[in-house]
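Since the structure comes first, as structure tokens, the remarks are kept for the end.
The values are calculated or read from the model by the stated rules, or taken from the named source; none is laboratory data. Source: prediction; values computed, not measured. Quick reminder, even Gly has a Cβ in these numbers, built from the backbone with ideal geometry, and neighbours come from all protein chains shown.
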Amino acid sequence: MVRHDLRRRGITDVRVLAAMASIPRELFVPAALQRRAYADQPLPIGCGQTISQPYMVALMTAEVGMNRTSRVLEVGTGSGYQTAVLAKIASHVWTIERLAELLTSATERLQSIAISNVSCIEGDGALGHPPSAPFDGILVTAAAPWPPAGLLEQLAVGGRLVIPIGDLAGQRLTVYEKTTAGVAARAATACRFVPLVSPQAFNA
């Protein structure tokens, strides 16, 4: 996976490559799909959610721009695989999931591979986690029509928010970087994610 689907597609961050090489992805997919765990494609994990394809996990992680001192917020824990990748690089990861069933199973998986620098929180991830802000990086694993204001507010200066922007008709992975002068946005690539559900953030 690392050699064929990540390096060959331009992922060069050695920290990201090392993290993904060290995590047993098969533990984060349903038993019936474990033979496809390392295929470069998203897979269903239940509750209408998916685990992202390895390339997209690697790209989003690289775009956050973390190091060993980074404090990172993840919105959408899902299976916990992206969480594990972030935790291998960052100082600490706060991950928020609205579905209790997914959060429980993800927490158990993380514990099973001795990842302890993660705080798992049940709630509306689009609102962020103000008690632990500011964050050096925020990664959102679901698509939103625009970046939630609360997440931008909780970014540290120099921090990045990586989020799919759009709807089911079309999405672009977008990177927002906070500077002393404001927030600069850059579109990275086309993508396809499940919608970010947040009645409070989107008045839906």
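Since residue 50 meets every condition but one in (1) assigned to a helix (DSSP H, G or I); (2) out of contact with any helix residue (DSSP H, G or I) (no Cβ under 7 Å at 6 or more places or on another chain); (3) in contact (Cβ under 8 Å) with a residue 40 or more places away in the chain, which condition does it not meet? Going through the list (1) assigned to a helix (DSSP H, G or I); (2) out of contact with any helix residue (DSSP H, G or I) (no Cβ under 7 Å at 6 or more places or on another chain); (3) in contact (Cβ under 8 Å) with a residue 40 or more places away in the chain, residue 50 breaks only (1). Between a residue in region 171-183 that is aromatic (Phe, Trp, Tyr) and any residue that is surrounded by fewer than 17 Cβ atoms within 10 Å (Cβ to Cβ), which pairs come within a Cβ distance under 6 Å, given they are 6 or more apart or on different chains? That search, which allows pairs on different chains as well, returns 176/183; 176/185. Select from region 63-82 the residues that are within 16 Å of residue 157 (Cα to Cα) and β-branched (Val, Ile, Thr) and write down the one among them that is surrounded by the fewest Cβ atoms within 10 Å (Cβ to Cβ). The extreme case among them is 69. For region 34-54, a tally of residues being basic (Lys, Arg) and crowded, with 20+ Cβ neighbours inside 10 Å returns 0.
Between 19, 31, which is among the small types (Gly, Ala, Ser) and either over 19 Å from residue 109 (Cα atoms) or at pLDDT 95 or above (or both)?
Values: 31 fails: either over 19 Å from residue 109 (Cα atoms) or at pLDDT 95 or above (or both).
After ruling out the rest, the residue left standing is 19.
Looking at region 170-180, is at least one residue surrounded by 15 or more Cβ atoms within 10 Å (Cβ to Cβ) and farther than 21 Å from residue 52 by Cβ? The answer is yes; a qualifying residue exists.
Checking each residue in region 108-125 for being out of contact with any Gly (no Cβ under 7 Å at 6 or more places or on another chain), of a type outside the set (Asp, Glu) and either in a loop (DSSP other than H, G, I, E, B) or closer than 19 Å to residue 51 by Cα (or both) picks out 111, 112, 113, 114, 115, 116, 117, 118, 120, 121, 123. Within region 1-40, the set of residues being closer than 20 Å to residue 115 by Cβ and touching an Asp or Glu at 6+ places or on another chain (Cβ under 8 Å) comprises 1, 34, 37, 38.
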